[in-house]
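Participant: Before anything else, here's the structure in question.
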Amino acid sequence: MTVDWSAFTPANGAAGGLLIGAAAVLLMLGAGRIAGISGILGGLLPPERGSRWRLAFLLGLCVSPWLYTLGAALPAMVVEAGTGRLILAGLLVGAGTRFASGCTSGHGVCGLSRGSRRSFVATAIFMAAGFAMVYVLRHLVGG
Amino acid sequence: MAALIALVSGVVFGLGLIVSGMANPAKVLGFLDIAGAWDPSLIFVMGGAVLVTAAGFAVLRRRHASLSGEPMRWPVASRIDARLATGSLAFGAGWGLAGFCPGPALVAAAAGVPQALIFVAAMIAGMALFSAFEYLKRG
């Protein structure tokens, strides 16, 4: 393991993390809901009863890059995967997060914060699978 | 009221994803590449988010209702089963394939990144397949 110090941005990471945490606390305080993105989106397919808050949250998420540009230029969003890989990845993420009832936000942030053993297991598994997939792609088959 | 607060929460959440670098798949893959030139930044994203959320949730646990009057819907599931494991395995594999998880993918798609739009369309298809599977299983 070699740390890529040139890419290392701990202050930005922590600041963004604080905002994500604040958003999760606000949603529970104000609407009594867990800020799990896969659950919020999945609950619209088909729309569950009382889903207005879901639409509102997703709308907020989608206007955030536009609001960000009022203050600064958007940071680069670089996608390395090609179309086939993106489609396969999307299907796996979509179905996988619904089967597991959560993703990085629902299990990783909100679940770990609640001390949920179930979320701890889910997070450990999806992190391990992510590490393994990138290892295979970049170091075994050579990307 | 609940919808208005959810809107603000969505904005703050999205800004957090952008500021932290989570909305950039190349950055996420740099974190997942522990055998290569590793970028540990995302540990700080997770750490910061969990710190704030854990403190906030500990206080909110004592509340009986939210500000909008909606009940506090804390998750009740505790079962660790094959469904949780296989779902998380599939999710992690997809995350490592493209560098996108659901929140950042939506933000990047809304920002107009064309590949993110493809990913989000496939992700929604995957979620719809799950819903169809559940519907058929229930008969």
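The values are calculated or read from the model by the stated rules, or taken from the named source; none is laboratory data. Treat the numbers as computed from the prediction; the structure is a model and nothing was measured. Please note: Cβ atoms are built from the backbone with ideal geometry, for glycine as well, and neighbour counts cover all protein chains shown. Accessible surface is based on the protein model in full, side chains and every heavy atom, while ligands, DNA and RNA are left aside. Shrake-Rupley method; radii C 1.70, N 1.55, O 1.52, S 1.80 Å.
Participant: Of the residues in the range B:27-44, how many are touching a strand residue (DSSP E or B) at 6+ places or on another chain (Cβ under 8 Å), within 7 Å of chain A (Cβ to nearest Cβ) and assigned to a helix (DSSP H, G or I)? Step through it out loud before you land on a result.
Facilitator: First pass over the range B:27-44, keeping only residues touching a strand residue (DSSP E or B) at 6+ places or on another chain (Cβ under 8 Å): B:30-31, B:36-40.
Add one more test, that the residue is within 7 Å of chain A (Cβ to nearest Cβ), and what stays is B:30, B:36-40.
In the following step, the residues that additionally are assigned to a helix (DSSP H, G or I) were identified as B:30.
So the answer is 1.
Participant: Search the range B:92-120 for residues being more than 7 Å from chain A (Cβ to nearest Cβ) and open to solvent by 20 Å² or more (accessible area, probe 1.4 Å), and hand back the single one that is farthest from B:Asp33 (Cα to Cα).
Facilitator: By that ranking, first place goes to B:Gly112.
Participant: What are the residues in the range A:1-25 that are under 22 Å from B:Arg73 (Cα atoms) and surrounded by 21 or more Cβ atoms within 10 Å (Cβ to Cβ), if any? Spell out how you get there, then give the answer.
Facilitator: In the first step, residues of the range A:1-25 are kept if they are under 22 Å from B:Arg73 (Cα atoms); the result is A:19-25.
Residues satisfying the conditions are A:Leu19, A:Ile20, A:Gly21, A:Ala23, A:Ala24, A:Val25.
Participant: Would you point out the residue of the range A:28-49, among those that are of a type in the set (A, V, I, L, M, F, W, C) and under 16 Å from the mean Cα position of the chain (by Cα), that is farthest from B:Arg63 (Cα to Cα)?
Facilitator: First, the residues of the range A:28-49 that are of a type in the set (A, V, I, L, M, F, W, C): A:28-29, A:31, A:34-35, A:37, A:40-41, A:44-45.
Still in the list and also under 16 Å from the mean Cα position of the chain (by Cα): A:34-35, A:37, A:40-41.
Numbers: A:Ile34: 15, A:Ala35: 17, A:Ile37: 23, A:Ile40: 22, A:Leu41: 26 Å.
Ranking the qualifying residues of the range A:28-49, first place goes to A:Leu41.
Participant: Same structure again: Output the residues belonging to the range B:121-139 that are closer than 17 Å to A:Glu48 by Cα, open to solvent by less than 40 Å² (accessible area, probe 1.4 Å) and at the interface with chain A (Cβ under 7 Å from one of its Cβ atoms). Lay out the reasoning, then the answer.
Facilitator: Here is the first cut: in the range B:121-139, the ones closer than 17 Å to A:Glu48 by Cα are B:124, B:127-135, B:138.
Then drop every residue that is not open to solvent by less than 40 Å² (accessible area, probe 1.4 Å), which leaves B:127, B:130-131, B:134.
Hits for the range B:121-139 are B:Met127, B:Phe130, B:Ser131.
Participant: Same structure again: Check off (1) over 28 Å from B:Ala2 (Cα atoms); (2) in contact (Cβ under 8 Å) with a residue 60 or more places away in the chain for B:Leu97 and give me the number that stays unchecked.
Facilitator: Of everything listed in (1) over 28 Å from B:Ala2 (Cα atoms); (2) in contact (Cβ under 8 Å) with a residue 60 or more places away in the chain, B:Leu97 misses just condition (2).
Participant: Just need a number here: residues in the range B:45-63 that are small (Gly, Ala, Ser) and either in contact with an Asp or Glu (Cβ under 6 Å, 6 or more places away or on another chain) or more than 7 Å from chain A (Cβ to nearest Cβ) (or both). Give the derivation first.
Facilitator: Step one: filter the range B:45-63 for residues small (Gly, Ala, Ser), giving B:47-49, B:54-56, B:58.
Imposing the further condition that a residue be either in contact with an Asp or Glu (Cβ under 6 Å, 6 or more places away or on another chain) or more than 7 Å from chain A (Cβ to nearest Cβ) (or both) reduces the set to B:55, B:58.
Count: 2.
Participant: Another question, if that's okay. How do the helices (runs of 4 or more DSSP H) wholly within the range A:24-143 filter down when requiring 2 or more residues that are small (Gly, Ala, Ser) and without any contact (Cβ under 8 Å) to a residue 12 or more places away in the chain: which remain?
Facilitator: On the way: elements: A:37-42, A:52-71, A:83-99, A:117-135.
Of the helices (runs of 4 or more DSSP H) lying wholly inside the range A:24-143, those with at least 2 residues that are small (Gly, Ala, Ser) and without any contact (Cβ under 8 Å) to a residue 12 or more places away in the chain span A:52-71, A:83-99, A:117-135.
Participant: Any chance you could count how many residues in the range A:1-60 are within 7 Å of chain B (Cβ to nearest Cβ), within 16 Å of A:Ser101 (Cβ to Cβ) and not hydrophobic (A, V, I, L, M, F, W, C)?
Facilitator: Counting residues in the range A:1-60 that are within 7 Å of chain B (Cβ to nearest Cβ), within 16 Å of A:Ser101 (Cβ to Cβ) and not hydrophobic (A, V, I, L, M, F, W, C) gives 3.
Participant: Mind listing just one residue for me: the one in the range A:106-127 that is open to solvent by less than 10 Å² (accessible area, probe 1.4 Å) and among the small types (Gly, Ala, Ser) and, of those, nearest to the other protein chains (Cβ to nearest Cβ)?
Facilitator: Once the filter is applied, the top-ranked residue is A:Ala122.
Participant: Right, something else. Taking the condition of being part of a helix (DSSP H, G or I) and in contact (Cβ under 8 Å) with a residue 12 or more places away in the chain, how many residues in the range B:1-26 meet it? Explain how you work it out, then say what you get.
Facilitator: Residues of the range B:1-26 part of a helix (DSSP H, G or I): B:2-20, B:25-26.
Now drop any that are not in contact (Cβ under 8 Å) with a residue 12 or more places away in the chain, which leaves B:2, B:5, B:13-14, B:16-18, B:20, B:25-26.
Result for the range B:1-26: 10.
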